[in-house]
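All remarks here apply to the structure that follows.
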Amino acid sequence: MRLKSIEKIKHQYEHVYVSPHMDDIALSCGGRIVNQRKKGENVLIVTVFTGDIDEAKKPRRKLFNQFINTQERRAEDTGAMDRLGVDYLWLDYPEAIYRGKRPLSLFSSNVYGSGTEKPVCDAIFTDLQKTCNTAQNKILYLPLGMGKHIDHQIIFQISAQLLSLGNQDFEFIYYEEVPYMFIPNLLKYRMKGIGIEVGAMESTKDITHKKPIMQETIEVYRSIVDLPFVKLNNPLKKGVVFLLIAFYLTFLRYMSNPRRGALRGRNVSPEISDVSSCIDEKLDAILNYRSQIKLFFGNNDKEAIKNLYEKYSETIGGATGKFLERYWKIRE
């Protein structure tokens, strides 16, 4: 059921999930949510950037075509939330492309408390505080900001500010975002950049395994070259993209400073959720996001999408035919 405002929260929720955009939670956490609902646990999904603007003010770049029909995306989100059987709340802040962000500025780390973003950040911080106080949740789930999308970064950095307040009545758990988690090595550098030291556990080998920079570049290149929105139709473009990836990974490897990371000094451990028994229910919810699936996966082929999740599960220790989701829990 959709809640029209924070004031409409009338009972306690064990779990509150914060989603930057419509689709992030179903794609990233859908299996865990299905299992929680089967146990009778209450779940509230709070999606932050769901606001619309006047049609005449919307960006007209081809890159944004899949995102600007807000009414269609809200209908898709409603269908997915109903499939998951959860309550949901739209905070109706405009997402980055509606705030005048250019394509290259959509992916940034320097977002919180600076320039034109400060009023948005402060307002969201207040709303999330109010939501947790009203919902009295036991756990708050937040994005890791893996792909450095500015909207994801805002939510992540707000979570770090909430953490810094201390004495919270709920636990903090971070989730790995789809589709970014399908790109090899991306999480490794994200964890380093936010100051998390990952132990040598079976489910963290994809993060702790050290590789030559060229091998990492090849792995990342292969993972994105066939994405529908990546148009590499000649050798020159392919070469440029390869070099950009190599430069970016080299920059992350040598310039990221864990000592300045937002979660430095925090005791963080992985949590694996086996969602094999409900993978079809998760995928049925995901398939509601027709516009976004076309962008990220190219078609609505349920089996093709399922194979991507299975392949990812194998990288974090899952056996063939198993479907896993990985989370990162803050332990005090």
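Among 261, 199, 265, which is touching a residue at least 24 places away in the same chain (Cβ under 8 Å) and on the phi > 0 side of the Ramachandran plot?
Answer to the check: 265.
Could you say whether any residue in segment 152-163 is without any contact (Cβ under 8 Å) to a residue 40 or more places away in the chain and either of a type in the set (S, T, N, Q) or on the phi > 0 side of the Ramachandran plot (or both)?
Looking through segment 152-163, none of the residues is without any contact (Cβ under 8 Å) to a residue 40 or more places away in the chain and either of a type in the set (S, T, N, Q) or on the phi > 0 side of the Ramachandran plot (or both).
For segment 294-332, enumerate the residues that are polar (S, T, N, Q), part of a helix (DSSP H, G or I) and either crowded, with 18+ Cβ neighbours inside 10 Å or over 20 Å from the mean Cα position of the chain (by Cα) (or both).
Of everything in segment 294-332, just one residue is polar (S, T, N, Q), part of a helix (DSSP H, G or I) and either crowded, with 18+ Cβ neighbours inside 10 Å or over 20 Å from the mean Cα position of the chain (by Cα) (or both), namely 313.
Might you check whether a residue that is assigned to a loop (DSSP other than H, G, I, E, B), over 22 Å from the mean Cα position of the chain (by Cα) and surrounded by 13 or more Cβ atoms within 10 Å (Cβ to Cβ) occurs anywhere in segment 265-286?
No, segment 265-286 contains no residue that is assigned to a loop (DSSP other than H, G, I, E, B), over 22 Å from the mean Cα position of the chain (by Cα) and surrounded by 13 or more Cβ atoms within 10 Å (Cβ to Cβ).
Residues being part of a loop (DSSP other than H, G, I, E, B) and out of contact with any helix residue (DSSP H, G or I) (no Cβ under 8 Å at 6 or more places or on another chain): count how many of those fall in segment 229-240.
2
In segment 221-232, is there at least one residue being at pLDDT below 90, of a type in the set (Gly, Ala, Ser) and more than 21 Å from the chain's Cα centre (by Cα)?
no
What pairs come out if I take residues in segment 305-332 that are closer than 30 Å to residue 266 by Cβ and free of Cβ contacts under 8 Å to residues at least 40 places away in the same chain and pair them with residues that are surrounded by fewer than 16 Cβ atoms within 10 Å (Cβ to Cβ) and hydrophobic (A, V, I, L, M, F, W, C) whose C-beta lies under 9 Å away, six or more apart or interchain?
Within 9 Å, the pairs are 313/319.
Condition check ((1) crowded, with 23+ Cβ neighbours inside 10 Å; (2) closer than 14 Å to residue 176 by Cα; (3) modelled with pLDDT under 95) across all residues:
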residue	(1), (2), (3)
23	yes, yes, yes
26	yes, yes, no
29	yes, yes, no
46	yes, no, no
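Which of the numbered conditions does residue 208 fail, given that it passes all the others? Conditions: (1) modelled with pLDDT of 85 or more; (2) crowded, with 16+ Cβ neighbours inside 10 Å.
Against the list (1) modelled with pLDDT of 85 or more; (2) crowded, with 16+ Cβ neighbours inside 10 Å, residue 208 comes up short only on (2).
Could you please find all residues in segment 97-151 being assigned to a helix (DSSP H, G or I), of a type in the set (S, T, N, Q) and at pLDDT 80 or above?
126, 129, 131, 133, 134
Identify, please: which residue in segment 173-218 is β-branched (Val, Ile, Thr) and not in a helix (DSSP H, G or I) and is, among those, nearest to residue 266 (Cα to Cα)?
Here the answer is 196.
Going by the conditions given, is residue 243 assigned to a loop (DSSP other than H, G, I, E, B), over 22 Å from residue 203 (Cβ atoms) and either free of Cβ contacts under 8 Å to residues at least 12 places away in the same chain or not charged (D, E, K, R) (or both)?
Here the answer is no, as residue 243 does not meet what is asked.
Within segment 145-179, which residues are surrounded by fewer than 20 Cβ atoms within 10 Å (Cβ to Cβ) and among the aromatic types (Phe, Trp, Tyr)?
170
Any residue that is at negative phi and modelled with pLDDT under 95 - is there at least one of those in segment 33-41?
No, every residue in segment 33-41 fails to be at negative phi and modelled with pLDDT under 95.
The values are calculated or read from the model by the stated rules, or taken from the named source; none is laboratory data. These numbers come from a predicted model, not from an experiment. Please note: Cβ atoms are built from the backbone with ideal geometry, for glycine as well, and neighbour counts cover all protein chains shown.
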